[in-house]
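These notes concern the structure reproduced below.
Only the coordinates and a few stated rules stand behind these numbers; no lab work does. Just so you know, these numbers come straight off a predicted model, no measurement behind them. A quick note on method: Cβ atoms are made from the backbone with ideal geometry, for glycine too, and the neighbour counts reach across all protein chains shown.
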Amino acid sequence: MFSLALKMLFGDTAKYLMLVAGLFFATFLIVQQASVFCGLMRWTTATLKNVAAPIYVVEEQVEQVNETNPMRDTDVARVRSVSAVRWAMPLYSGIQRVRLADGSFKTVQLVGIDAASLAGAPQRMVEGNLKDLRLPNTVVIDELAIERLSVDFKDPAKRIKIGDSFEINDIEARVVGICQAMRSFTGGPYIWTTYERALQYTPPQRKMLSAVIAAPGKGMTMDQAAAAIEKETGLRAYVNRDFGKNERDVTTGKTTRYGDFNTATVWWYVKNTGIPISFGTTVVIGFIVGVAIACQTFYAFVLDNLKHLGALKAMGMSNFRLSLMLIFQAFTVGIIGFGLGLLASAAFAMGALKNGQPPLYMPWQIPVAAFAVIQVICMLAALMGIIRLSLYEPAMVFRA
Amino acid sequence: MNFFSKLLRYGSLAAALLGVVAIILVSRTQAEKQMPPAGDPPVVPPRKPFAHSVAATGILEALSENVAIGVPQSGMVSEVFVKVNDSVKKGDPLFKLDDRDLLAQQISTRAQLDVAGSQISINEAQLAKFSAQLARLDAVTDSRAISKDDMENRRQDVSIAQAQLAAARAGLTSAEASLESISMLIERLTIRAPRDGSVIQLNIRAGEYAATSPKSPAMILGDIDKLQVRADIDEQNATRIRAGQKAYAYLKGDTSISFPLEFIRVEPYVIPKVSLTGSSIERVDTRVLQVIYSLERPEDPPLYVGQQVDLFIEAPDRN
């Protein structure tokens, strides 16, 4: 029976291609757009990934990592005084302007870390020694900075390298290391230096401490330690795990107080920018295109084969078995269309991952959800065929 | 035609399978590109020595506190008698300001002393002359030989000469006094150590101008055999501080060695925090309670006055 169904399906090559193409486009649009959206949202939390620390302690009202309210210098000691904290170090994070040798300006994401422990240092050094950061006027740049801060990136001889220097707010910064880092939402490369020097690079303000990074004490989870910090200091303590539910999430009315800084940051962008609307629209269009093409083509396909199906019905095949055949056909087309869509998405993703542009992050939920959506489309199409078929009288075959 | 449709059939199936494989590959590559989750920092921060503690930052000082040596008046430095690290006793000369103007005054005053001396001699001679004249007249027994008026004149001459002599003597004393005061002023320009200690900072060299501003002391004196730590504690943690609490200090930059501290006192006055990070002196953030601990100077590593330390002070839990 199933081989008959397949024979019927592949029999009309043009219709088959049409069906697969519709589902292919739907899959590609859904997977690719959803991945780019996730990637873009992930970029907003780049600081949290690059400055890996279990707990971020920030000012009480801070909702996301890219918009911090500076605290007092002594708040480091206050966090350190909490018994649940194993260590706590100061962190500066802010956008600064860099002037290159040829006089052009670039914005960068400046990160200042504790000079003694180097807590918050880049985790993957490509070149150079991290401890050289303790030398005067030194910085560690990321790979994106090579592209951005080189006078002429196309000429390998003119690329910025260890030993080269540029200016941050008129103060010399000498490169002692190059590291791998995730790109930021604002597009500026990450530049690491020590906390004290970051304060010198930055125009003076009354308060300059962006955040305190901390780790939970022995036998404590991040969440317990964060709760203890909030209780004892009155500051806001976020854990830095990943986007997702957290045991300290509290929803009151319409607003939610998130326990994880990643989640809080992503939701801030979702609520305060038009990004989800624009991507959401594309995903919905993908779904509609899929439904329209698939349903229409499948219906036409069923109409075309109505004679054969009717003959089968006349031969005594039950409606149920015929429906099963149609469902099987739709399911097969769905899998093939979905697979082809994945192939195209994967090609796109490989390119994006290699370039670092455009943003792309594909959690396993995206292909799984896309598969479900495609199957829903197919079943919808099959349903239309089934309805048409069940209304069809077997006697009609002989009438023509 | 048959071949074409077969190709399409199996080709699309194979491509679909390939798609699933490719997406798994993408997911792998993506996982490799992710930054690893947070771990310990490259240099492990100091382990807390107490279960419950108050953390603070501090600065090393000489036990006697650092004495910023001031000058009585601004002026040029003519000579410096000590070097950095020299140990000095109380009263030892440290440096000297330019005293040439006073020396010049001294010369003219000394000349005045001679003038005053010769003035005395003149007056003494005069007194002797008048006294002799009076004595001669006194010796005449016949009262008719000398007029009463003449006699009286001679007597007054002697008194005047006596008064003039006294005045000349006073002039000498005054000249001597001003000479003494000039040498005291000269002596004042030699700055001496107010207490025993070592020179831990020397900001002045011969030929430089020493100002009276307290911001830039000419030199800093301190007893560096024993050090003390001045710890800044955020006022919000001040309630957890009690006299006699145990504490440990860690040098900034070297977390492997801890130094046991001994409580000395709590400063009773809470001051605005002056950031210890260097250039940012004017950045007054918050008020801090200062607690003083003494520190035995270890053989190794060498410690220096002015170094920053991280402190942990044993304190009861907040709750």
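The range B:10-41 to the range B:292-319: how many Å between their Cα centroids?
52 Å
If you average 1/r across every pair of different Cα atoms in the range A:226-301 and take the reciprocal, what Kirkwood value do you get, in Å?
15.6 Å
Using the charge dipole of the range B:22-147 (Lys, Arg: +1 at Cβ; Asp, Glu: -1 at Cβ; taken about the Cα centre), state which of B:Q133, B:L97, B:A68 has its Cα farthest towards the positive end.
Working it through, the farthest residue towards the positive pole turns out to be B:A68.
Name the aspartates and glutamates eligible as straight-distance cross-link partners of A:K161: C-alpha to C-alpha under 13 Å, and not fewer than 8 places from it in the same chain.
The qualifying aspartates and glutamates are A:E127, A:D142, A:E143, A:E147, A:D152.
Give the average, rounded to an integer, of partner chain Cβ atoms located within 10 angstrom of each Cβ in A:206-215.
2
Evaluate the Kirkwood expression for the hydrodynamic radius of chain B, namely the inverse of the mean inverse distance over all pairs of different C-alpha atoms, and round to one decimal in Å.
Radius from the Kirkwood sum: 28.5 Å.
Percent relative contact order of chain A, based on C-alpha pairs within less than 8 angstrom and at least six residues apart?
After rounding, I find 28 percent.
Let me spell out the model: positive unit charges on the Cβ of Lys and Arg, negative unit charges on the Cβ of Asp and Glu, origin at the Cα centre of the protein assembly as shown. What dipole size does that give, in debye rounded to 20?
3740 debye
Report relative contact order for the range B:1-140 in percent, whole number only (criteria: Cα-Cα under 8 Å, sequence separation at least 6).
Relative contact order, the range B:1-140: 12 percent.
Go through A:38-46, B:154-162, A:355-363 and give me the packing order, highest mean Cβ count within 10 Å leading.
Per-residue mean Cβ counts within 10 Å order the peptides as A:38-46, A:355-363, B:154-162.
Per 20 Å bin, what is the whole-percent P(r) computed from every C-alpha pair distance within the protein assembly as shown?
The calculated distribution, bin by bin, is 13, 28, 22, 15, 10, 6, 3, 2, 1, 0.
Averaged over every viewing direction, what's the projected area of the C-alpha convex hull for the range A:53-239? Give it in nm², one decimal, please.
Working: hull surface 42.3 nm².
Over all viewing directions, the range A:53-239 projects a mean Cα-hull area of 10.6 nm².
Determine, for each peptide in B:195-205, A:385-395, the mean count of other beta carbons within 10 angstrom over its residues, then list the peptides with the highest first.
In descending order of packing, they fall as B:195-205, A:385-395.
In the protein assembly as shown, what % of DSSP beta bridges are antiparallel (nearest 5)?
Working: 95 of 106 bridges.
Taking every DSSP beta bridge with both residues in the protein assembly as shown, the antiparallel ones total about 90 percent.
Test of understanding: express the Cα radius of gyration of the range A:289-352 as a ratio to 2.2 N^0.38 Å, with N the residue count.
1.52
Is there a simple number for the mean count of other chain Cβ atoms within 10 Å of the Cβ of residues in A:192-201, and what is it?
Numbers: counts 0, 0, 0, 1, 6, 1, 0, 6, 4, 0.
The mean count of partner-chain Cβ atoms within 10 Å per residue comes to 2.
Could you name the lysines whose alpha carbon sits less than 19 Å from that of A:K15, not counting residues in the same chain fewer than 8 places away?
A:K7, A:K307, B:K6
Give me the one-decimal nm value for the distance between modelled label points at B:K246 and B:K83, 7 Å along each residue's Cα-to-Cβ direction.
About 4.3 nm separates the two model spin labels.
Once you average over the residues of A:346-355, how many Cβ atoms of partner chains fall within 10 Å of each Cβ? Please list the in-between numbers first.
Details: counts 11, 3, 1, 7, 5, 0, 2, 5, 2, 0.
Average per residue, whole number: 4.
Need one number: nm distance between label points at A:F2 and A:N137, each 7 Å from Cα along Cα→Cβ, rounded to one decimal.
Result for the modelled spin labels: 7.4 nm.
For the range B:43-69 and the range B:172-194, what is the separation of their C-alpha centers, rounded to whole Å?
Between the Cα centre of the range B:43-69 and that of the range B:172-194, the gap is 46 Å.
Excluding residues fewer than 8 places away in the same chain, name every one of the lysines whose C-alpha is closer than 20 Å to that of B:K90.
Qualifying lysines at Cα under 20 Å: B:K226.
Please state the charge dipole magnitude for chain A, taken about the Cα centre, from unit charges on C-beta atoms (+1 on K and R, -1 on D and E), reported in debye and rounded to the nearest 20.
740 debye
Tell me the relative contact order for the range A:53-239 as a rounded percent, counting alpha carbon contacts under 8 Å between residues six or more apart.
38 percent
Give me the compactness ratio for chain A, meaning the Cα radius of gyration over 2.2 N^0.38 Å. Working shown, then result.
Numbers: Rg = 28.9 Å, N = 400, 2.2 N^0.38 = 21.4 Å.
Computed over Cα atoms of chain A, the ratio equals 1.35.
Please work out the Cα center distance from the range A:133-177 to the range B:230-256, rounded to the nearest Å.
A separation of 39 Å, based on Cα centres.
For the pair A:F105 and A:D152, how long in nm is the line joining their label points, each one 7 Å along Cα→Cβ?
Between A:F105 and A:D152, the label points sit 2.5 nm apart.
B:I271 to B:S256: extension gain in nm, 0.36 nm per residue of separation minus the Cα-Cα distance?
Net length gain for the segment: 2.3 nm.
Could you work out the per residue convex hull volume over the alpha carbons of the range A:275-400, in cubic angstrom?
Details: hull volume 13.3 nm³, N = 126.
It comes to 106 Å³ per residue, whole-number rounded.
Work out how much length B:I59 to B:I122 would gain on full extension: take 0.36 nm times their residue separation and subtract the Cα-Cα distance, in nm to one decimal.
Here the answer is 15.6 nm.
Mind ranking B:103-110, B:23-30, A:371-378 by how tightly packed they are, going by the mean number of other C-beta atoms within 10 angstrom, highest first? Could you put the intermediate results ahead of the total?
Numbers: B:103-110: 14.0, B:23-30: 16.5, A:371-378: 20.6.
Highest to lowest by the protection proxy: A:371-378, B:23-30, B:103-110.
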